[in-house]
1. Just how much of SER140 is accessible, in Å², when a 1.4 Å probe is used and the result is rounded to the nearest 10?
2. Set the Förster distance to 35 Å, then compute FRET efficiency between ILE64 and ALA148 from the Cβ-Cβ distance, nearest 0.05.
3. Sequence gap of 8 or more, or different chains, plus Cα separation below 25 Å: how many lysine pairs satisfy both in the chain?
4. Ranked by accessible surface with a 1.4 Å probe, highest first, in what order do THR43, THR101 come?
5. Taking only the Cα atoms of segment 1-49, how large is their convex hull per residue, in Å³?
6. Excluding LEU50 itself, calculate the net charge of residues whose Cβ lies under 13 Å from the Cβ of LEU50, where each Lys or Arg counts +1 and each Asp or Glu counts -1.
7. Can you tell me the relative contact order of segment 35-182? Whole percent, Cα pairs under 8 Å, sequence separation 6 or more.
8. In the chain, what % of DSSP beta bridges are antiparallel (nearest 5)?
Amino acid sequence: MSEVKISAETRSEFGKGAARRIRRDHKVPGVLYGHGSDPVHLTLPGHDLLLALRTPNVLISLDIDGKTNELAIPKAVQRDAVRGHLEHVDLQLVKRGEKVTVEVPVHAEGELAAGGNLLEHVLNALPVEAEATHIPEAVSVSVEGLEAGASVLAKDITLPSGVTLAVDADAVVLQVLAAQAEEAPEGAEGEGEEAAEA
């Protein structure tokens, strides 16, 4: 897993007005917490942070005020509901070798059995425990040939070395649903398929 270096500044101004001023400068207010230390309020560069957050559970090496270096992972990211830009980020302090619990995206590979069945992601992300510097970006599972009624449990997913489940082993992650046999009204053919894909 790659580390992304980001320069951050501590901030002493709080409240909505201060946050608006920070965002006007294309920066993002954030807070760094963990290990029983007092939370550190930060200002982070918006563009660099946005690029870093494209990787799930990215490991961020923070250069704070040019004085201290800390490792952190994003725990909560707030985005503007309309424009999608970053509003605020919570970062959790981590140490090399430390185990952390994170949610890792689940990628399904392969084709379901014929018949128009649908694959439902019961869990979009799988809770796992991993070393902070070795968090997998995603886990993959084959759904090749699965028929309606089949399901993939957490214990069925092969995890990288050093990564363990942080959820019940029998938790359903994916399940195959039978295609809905609907009688479409005249002239409305195909609408059901589009709705199912959405």
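1. 60
2. Once the sixth-power term is evaluated, E becomes 0.10.
3. 15
4. Largest to smallest exposure gives the sequence THR101, THR43.
5. 87
6. Summing Lys and Arg as +1 and Asp and Glu as -1 gives +2.
7. Answer for segment 35-182 is 20 percent.
8. Details: 38 of 52 bridges.
Percent antiparallel among DSSP bridges in the chain is about 75.
The values are calculated or read from the model by the stated rules, or taken from the named source; none is laboratory data. Since we're looking at a predicted model, the values are computed, not measured. FYI the Cβ positions are ideal-geometry reconstructions off the backbone, even for glycines, and counts take in every protein chain you see. These area figures cover heavy atoms from the full protein model, side chains too; ligands, DNA and RNA do not enter into them. Shrake-Rupley method; radii C 1.70, N 1.55, O 1.52, S 1.80 Å.
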